[in-house]
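What follows is calculated from the coordinates using simple rules that are stated; it is not laboratory data. The model shown is predicted, which means the values in this text are computed figures rather than measured ones. Virtual Cβ from ideal backbone geometry, glycine too; neighbours counted across all protein chains shown.
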Amino acid sequence: MAALTLLEARSLTRHFGGLRAVDGVDFDLAQGEIHALIGPNGAGKTTLVGLLCGRVPVQSGSIRLAGRDITRLPAHARVRAGIAYTFQITAIYPRLTVLDNIALAVQSRGAKNLAAESLAALDRVGLAGRAAMLAGDLSYGHQRLLELGMGLALRPRLLILDEPTQGLANAEIEAFKALVRGAVPDMTVLLIEHNMDVVMDLADRITVLNFGRVLATGTPGEIRANAAVQAAYLGG
Amino acid sequence: MNGGAAKIWALHLGVLAALLAAQLVLPAYHAGNLARIMVLAVYAMGFNIAFGYTGLLSLGHALFFGAGLYGMGMPVALAGWGAGAGLVAGIAAGGGLALAVGLLALRRAGVSFMIVTLMFAQAGYLTILYYTPYTRGEEGIVIDRAARVLMGLDLSQDATRYCAALALFAAALLVNLALVRSPFGRVMVAMRENEERSRMLGYDPFRVKLAALVLSGLYAGASGAAYGLLFGYVGAGFASIQYSILPLLYVLLGGAGTVLGPFLGAALMFYLIDLSSGVTTAHLLVVGAALLVLVLFAPKGILGTLRDRGLKWLP
């Protein structure tokens, strides 16, 4: 049986002045997959993700989430529709407690028992013991876990992770990979990542962007063997 | 967590009980001052909902306070409305104007919000002066004793006035406390702390800020209407820039983003002005010096500093 499509983007375009950051991209996400988005710096990864989650307005093209047209939906409404975005630069609330941070995510989806579900969401990322701490006092690795925990606590249909392993130690990366694996197939994960070991290990499919266009899409094996991708990365 | 809740209720109910007892102990002059302070503290609490919790710095709150005064005073003085209807009209005027200003000013963030609210407040002040035949402008409207009767209580009597001020203050304080401890209160703080992050958690910044501003306007309107009823005077001076700055000073002094800070700040500032103006005509210099000390040594205000120094549970 063919996988159901969660997200369909067609001819997505975003130019900044003369720069074609995203230039007519068609992009599909299958329900329940882990999909990695890779490409050289400036390839348009963050802009593409910004278009999907609504942080960057679409100039032309369309985006459908589970069949519903969300092209013109503002970012906060897309979160409610099921797209969660975790920031590349850790964006927690440093002056609030860890519990308040996670509760903001939990109450956003209209949880019935806020206190219990917040603790459960913290437990999922192993931070329940630090609930009363100020989030800004957490170590960097724990802050990234909290950020991921907030994304998971929204229970989105699509979780977008923007360079989640940046700055993490190897042991922390292993814990992170386990969390992402645990999120599917309930959620679909879109991952922007520079660490190729993480990408090759986690992703079911990979899309390679270059100069705002899709260079290739396929399984890790196919991407590794793709001549055009090798040329883009190695210079050809 | 329950221990914290018990402490919080004990503190706030204790403050209310102390204020109830104070009128029996205090000389008439100070009781009168305290009644005034409690009404002004309601205004400052409203300001704090927008500024201290949601991060909206308005320089035009006198518009909402003045709306409360005139929204109550004009129907009572010109159309012979009762005090109760006047109070409701004043509260509605404060909230309604806050809604209108918010719909326009919240489209812009940061500095422009300050300037736009300042401009609206000046426009409101000038409007009051322009319609002097109805508003009596600078001279103001004196509310007749006969009109200052609410549910059979004569608000011009000292003891009744004190109790009415305390009742309003208590209601405002408890609603404020419940608000900031509610999920919506958490979202207000989230907006202040990181708007972009909050948006990406599914909260519409415009709607959250608009709701906070309308609540703030309702508080200011209630305070203004009560001020006019309790002290019998409605004047354009209450809508001037001075009354936009006062709640900011109260809140900064007492502690922005604390429930009791506005009251503490209002009381201290009131007596600072009262005492220093007895000593020198340059009493604003004393106020300025006090603010400098505050900014240098306790920029989070008195209660904000106490919260940092160990009273973490302080809401």
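Counting Cβ atoms of other protein chains within 10 Å of each Cβ in B:198-211 and taking the mean gives 6. Taken as Cα centroids, region A:146-163 and region A:5-21 sit 23 Å apart, rounded to the nearest whole angstrom. Per residue of A:68-77, other chain Cβ atoms within 10 Å of the residue Cβ number 2 on average.
Using the Karplus relation 6.51 cos²θ - 1.76 cosθ + 1.60 with θ = phi - 60°, the per-residue 3J(HN,Hα) values for region A:191-197 come to 10, 9, 8, 9, 6, 5, 4 Hz, with x marking Gly and Pro. If contacts are Cα pairs under 8 angstrom and at least 6 residues apart, what is the relative contact order of region B:65-131 in percent? Over region B:65-131, the number comes to 26 percent.
With r defined as the distance between the Cβ atoms of residue B:283 and residue A:5 and R0 fixed at 60 Å, what FRET efficiency is calculated, to the nearest 0.05? Rounded to the nearest 0.05, the efficiency is 0.25.
Pull out a ≥ b ≥ c, the square roots of the eigenvalues of the alpha-carbon gyration tensor of the protein assembly as shown, then state rounded if a/c is under 1.5, prolate if not and a/b is larger than b/c, and oblate in the remaining case. Because a/c hits 1.5 or more and a/b exceeds b/c, the protein assembly as shown counts as prolate.
Summing Cβ point charges (Lys, Arg +1; Asp, Glu -1) relative to the Cα centre of the protein assembly as shown gives a dipole of roughly 420 debye.
All distinct Cα pairs of region B:1-94 go into the 1/r average, and the inverse of that average, the Kirkwood radius, is 15.9 Å.
Cα centroid separation, region A:186-236 to region A:112-128: 34 Å. Taking amide H as placed 1.01 Å from N in the peptide plane, the amide H of residue B:81 sits under 5 Å from that of B:76, each at least 5 places away or on another chain. First check a/c for region A:83-154, with a ≥ b ≥ c the square roots of the eigenvalues of its C-alpha gyration tensor; if it is under 1.5, answer rounded, and if not, answer prolate when a/b is larger than b/c or oblate otherwise. Cα axes put region A:83-154 in the oblate bin.
Karplus-based coupling profile of region B:186-191, in residue order and whole Hz: 5, 5, 4, 5, 4, 4, with θ = phi - 60° in 6.51 cos²θ - 1.76 cosθ + 1.60 and x standing for Gly or Pro.
Summary value for region B:28-244: 44 percent relative contact order, contacts being C-alpha pairs under 8 angstrom separated by 6+ residues. Close amide H contacts of residue A:190 (hydrogens built in the peptide plane, cut-off under 5 Å, sequence separation of 5 or more or a different chain): A:35, A:159, A:160, A:161. Ranked by the mean number of other Cβ atoms within 10 Å per residue, highest first, peptides B:179-185, A:122-128 order as A:122-128, B:179-185.
Along the Cα→Cβ direction, 7 angstrom out, place labels at residue B:167 and residue A:196. What is the inter-label distance in nm? With each label placed 7 Å out from Cα toward Cβ, I get 7.7 nm.
Counting every other Cβ atom within 10 Å of each residue's Cβ, B:215, A:48 order from fewest to most as B:215, A:48.
In terms of its alpha-carbon gyration tensor, chain B comes out rounded; the largest-to-smallest axis ratio a/c stays below the 1.5 threshold.
Would you calculate, for chain B, the mean residue ellipticity at 222 nm contributed by helices, counting each DSSP H stretch of 4 or more residues as -39,500 (n - 2.57) and dividing by all residues, to the nearest 500? Working shown, then result.
Values: 14 runs with 232 residues, N = 315.
Computed mean residue ellipticity for chain B: -24500 deg cm²/dmol.
In order along region A:42-48, the phi-based Karplus estimate (6.51 cos²θ - 1.76 cosθ + 1.60, θ = phi - 60°) of 3J(HN,Hα) comes to x, 6, x, 4, 5, 5, 4 Hz; Gly and Pro are listed as x. A cut-off under 12 angstrom between Cβ atoms defines the neighbours of residue A:150, and their net charge, with Lys, Arg +1 and Asp, Glu -1, is +3. Annotation: amide H-H contacts under 5 Å for residue A:210 (H modelled 1.01 Å from N, sequence separation of 5 or more, or interchain): A:215.
For the pair region B:1-79 / region A:82-109, the C-alpha centres are spaced 33 Å from each other.
A simple packing score, the average count of other Cβ atoms within 10 Å per residue, orders the peptides B:125-136, B:23-34, B:41-52, B:266-277 as B:41-52, B:266-277, B:125-136, B:23-34, with the highest score first.
Using the charge dipole of chain B (Lys, Arg: +1 at Cβ; Asp, Glu: -1 at Cβ; taken about the Cα centre), state which of B:113, B:79, B:287 has its Cα farthest towards the positive end. Of the candidates, B:113 comes out farthest on the positive side. The count of lysine pairs in the protein assembly as shown that are at least 8 places apart or cross chains, and whose C-alpha atoms lie under 30 Å apart, stands at 11. Only DSSP H runs of four or more residues enter the estimate; each adds -39500 (n - 2.57), and after division by the residues of chain A the mean residue ellipticity at 222 nm equals -10500 deg cm²/dmol.
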